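Visitor: After the structure tokens below, expect a handful of questions from me.
Throughout, read-outs are computed from the coordinates displayed, never taken from laboratory work. These figures come from a predicted structure and were not determined experimentally. Cβ coordinates were reconstructed from backbone atoms using ideal geometry, including for glycine residues, and neighbour counts include every protein chain displayed.
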Amino acid sequence: KNQVEQSPQSLIILEGKNCTLQCNYTVSPFSNLRWYKQDTGRGPVSLTIMTFSENTKSNGRYTATLDADTKQSSLHITASQLSDSASYICVVSDMNTGFQKLVFGTGTRLLVSP
Amino acid sequence: EAQVTQNPRYLITVTGKKLTVTCSQNMNHEYMSWYRQDPGLGLRQIYYSMNVEVTDKGDVPEGYKVSRKEKRNFPLILESPSPNQTSLYFCASSLFGQRFMNTEAFFGQGTRLTVV
């Protein structure tokens with residue numbers, strides 16, 4: 001069973017609208033939670049990294065939140081643009097191996113429509 | 001420019017013909033890793049390396065080999081490729097150690113491999 005679950009699997013929104021993507025995880029203990037943006041056929045690019053003690057982090061129009069008690073995170077995209085069309089991947093760093101091991105969600109595919 | 005470079009970007013090969021996918025980083029990172037990405041599945045780790053001559057298996061190592069003779073390079077070797085290794089492959093690098101655990105991991109641009 002995947003330890004990082006994302007919802008929805010896919011989403012279509014109109015340009016200019018806001019949206020929120022969800023991530024639930026069971027990885028424990030963890031050192032940080034990351035959100036990546038992945039354009040089709042390209043490598044993931046980091047948007048935010050939050051440690052377990054942080055509850056929000058922004059990067060331009062992207063704002064990530066983290067609730068370590070409920071093991072939930074969200075990524076909020078404000079005033080969406082066509083270039084935001086991509087997959088967004090939630091990644092949790094698993095500490096059980098004694099060093100950083102990344103556990104990936106399957107991603108939310110976002111399409112921003114004109 | 002800080003980057004992770006993979007080659008080739010696209011590769012079509014036949015079953016059983018040995019191939020190597022190269023990965024190079026220019027950030028002096030100790031930690032390097034290979035992942036494969038398949039539809040409906042998250043990225044899964046194949047092998048990783050914590051430094052020169054130190055490698056270990058990830059979650060899906062069967063059918064793959066790696067080597068780490070130099071810090072900057074981490075090639076992925078498929079000795080006898082099979083169709084179930086058709087996938088999108090990514091190399092990644094980052095700093096290694098307790099104090100670097102919350103630093104960024106950089107990914108290559110990907111290699112799309114098709115085994116027929």
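Visitor: Can you give me the C-alpha center-to-center distance between segment A:64-114 and segment B:28-55, rounded to a whole angstrom?
Guide: 19
Visitor: What per residue convex hull volume, in Å³, comes out for the protein assembly as shown when only alpha-carbon positions are used?
Guide: Cα-based convex hull of the protein assembly as shown, divided per residue, equals 124 Å³.
Visitor: Still on this model: From Cα pairs below 8 angstrom and at least 6 apart in sequence, can you work out the relative contact order of chain B, rounded to a whole percent?
Guide: 36
Visitor: Right, something else. When only Cα pairs under 8 Å and 6 or more residues apart are kept, what is the percent relative contact order across segment A:1-66?
Guide: Reported relative contact order: 21 percent.
Visitor: Using Stokes-Einstein with the Kirkwood hydrodynamic radius over Cα pairs, what translational diffusion coefficient do you get for chain B at 10 °C and a viscosity of 1.306 mPa s, in µm²/s rounded to a whole number?
Guide: Once the numbers are plugged in, D ends up at 112 µm²/s.
Visitor: Of the trypsin sites (Lys or Arg not before Pro) in segment A:1-95, which ones lie in a loop per DSSP and count no more than 14 other C-beta atoms within 10 Å?
Guide: Here the trypsin sites (Lys or Arg not before Pro) that fit, given the DSSP loop and packing criteria, are A:LYS1, A:LYS17, A:ARG61.
Visitor: I would also like to ask the following. Using the structure shown, select from A:LYS57/A:LYS101; B:LYS17/B:LYS65; A:LYS37/B:LYS57; B:LYS18/B:LYS69 the pairs with a Cα to Cα distance greater than 23 angstrom.
Guide: Distance filter (> 23 Å) returns A:LYS37/B:LYS57.
Visitor: List B:ASP59, A:ASP84 from most exposed to least, where exposure is judged by having the fewest other Cβ atoms within 10 Å.
Guide: By the 10 Å Cβ count, ascending, the order reads B:ASP59, A:ASP84.
Visitor: Unpartnered cysteines of the protein assembly as shown (Cβ-Cβ under 4.7 Å counts as a partner)?
Guide: Cys with no partner Cβ under 4.7 Å: A:CYS19.
Visitor: Which distance in nm do the two modelled labels at B:THR103 and A:LEU14 give, with both placed 7 Å along the Cα-to-Cβ direction?
Guide: Going by the 7 Å Cα→Cβ label model, 4.6 nm.
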